[in-house]
Amino acid sequence: MEALHVATESAIESGIFKGVKTLGAGLIISHLLYTDDVLFVVDWNESNFQNLARMLRCFHLSSGLKVNFSKSQLYGVGVGNDEMSQKASILDCKVGVFLFIYLGLPVGANMGLVKNWKPTVERFENQLSLWKARTLSFGGRVTLIKAVLGNLPTYYFSLFNAPVEVVKRLEKIRRRFPWGGCLENNKISWVPWFKVVALIEDGGLGIGSLSATNKALMVKWSV
């Protein structure tokens, strides 16, 4: 994969392969690599696709590693179906459709809509259904909330600003668990939730607020 990265950078420096320039600082993105997964981001013109096909062919001949084009897909932004099919034929891959999942995240979805957070909410609910709150001590429940329920949405929270309704739903699931409640029934909450999530030095249990976590993770992008 390092060799493929070097080959792509060399093609860009030679001017035979062009990525997409972002707004603001003008960063040019041409490819993203994660283990054996590669995402090419290119300017939409035929020479780019032709040269990408040649580059992948050279990579195969030099390394012995062949791209599985039957599992590869081409996505275009603001491009018609006919042109998509024509460009896909150059690479001998399939035409992809938005929305799709890449590294566990939805690409092409409006994450301001509550419905697109359904997988995260379902993970919360599924995880909670695996535990038997009544068989755990209070300390055990708090530990599970901190270690699991508090961290499940972190991946999404680090990239998307969660809608208020989603945060409320996730907090409702967490709020029931310490007192022995579950999705089917609720128990009396003996302490207000805002006190439970507060820092230990402030008299809370240090569980932390999901809303505050989301905001803190989003702020890092402005640094």
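Here is how the numbers come out for the structure above:
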quantity: Residues of the range 144-166 satisfying the condition of being surrounded by 15 or more Cβ atoms within 10 Å (Cβ to Cβ), modelled with pLDDT under 80 and part of a loop (DSSP other than H, G, I, E, B); calculated: GLY150, LEU152
quantity: Condition met for SER189 (assigned to a loop (DSSP other than H, G, I, E, B), modelled with pLDDT under 85 and of a type in the set (Ser, Thr, Tyr)); calculated: yes
quantity: Only listed residue being farther than 30 Å from GLY76 by Cα and at pLDDT 85 or above, chosen from ARG169, ARG123, ARG176, ARG141; calculated: ARG169
quantity: Residues that are among the basic types (Lys, Arg) and touching a helix residue (DSSP H, G or I) at 6+ places or on another chain (Cβ under 8 Å), drawn from the range 14-48; calculated: LYS18
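To keep it simple, each residue is scored yes or no on (1) in contact (Cβ under 8 Å) with a residue 40 or more places away in the chain; (2) within 25 Å of ILE101 (Cβ to Cβ); (3) of a type in the set (A, V, I, L, M).
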position	(1), (2), (3)
LYS18	no, no, no
LYS21	no, no, no
ILE28	no, no, yes
HIS31	no, yes, no
LEU39	yes, yes, yes
VAL42	no, yes, yes
ASN51	yes, no, no
CYS58	yes, no, no
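Residue-by-condition table, conditions (1) in a strand (DSSP E or B); (2) polar (S, T, N, Q); (3) at pLDDT below 85:
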site	(1), (2), (3)
ALA7	no, no, no
LEU39	yes, no, no
ASN48	no, yes, no
LEU52	no, no, no
VAL79	no, no, no
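The values are calculated or read from the model by the stated rules, or taken from the named source; none is laboratory data. All values reported here derive from a predicted model rather than from experimental measurement. Note that we place each Cβ from the backbone using ideal geometry, even for glycine, and neighbour counts take in every protein chain shown.
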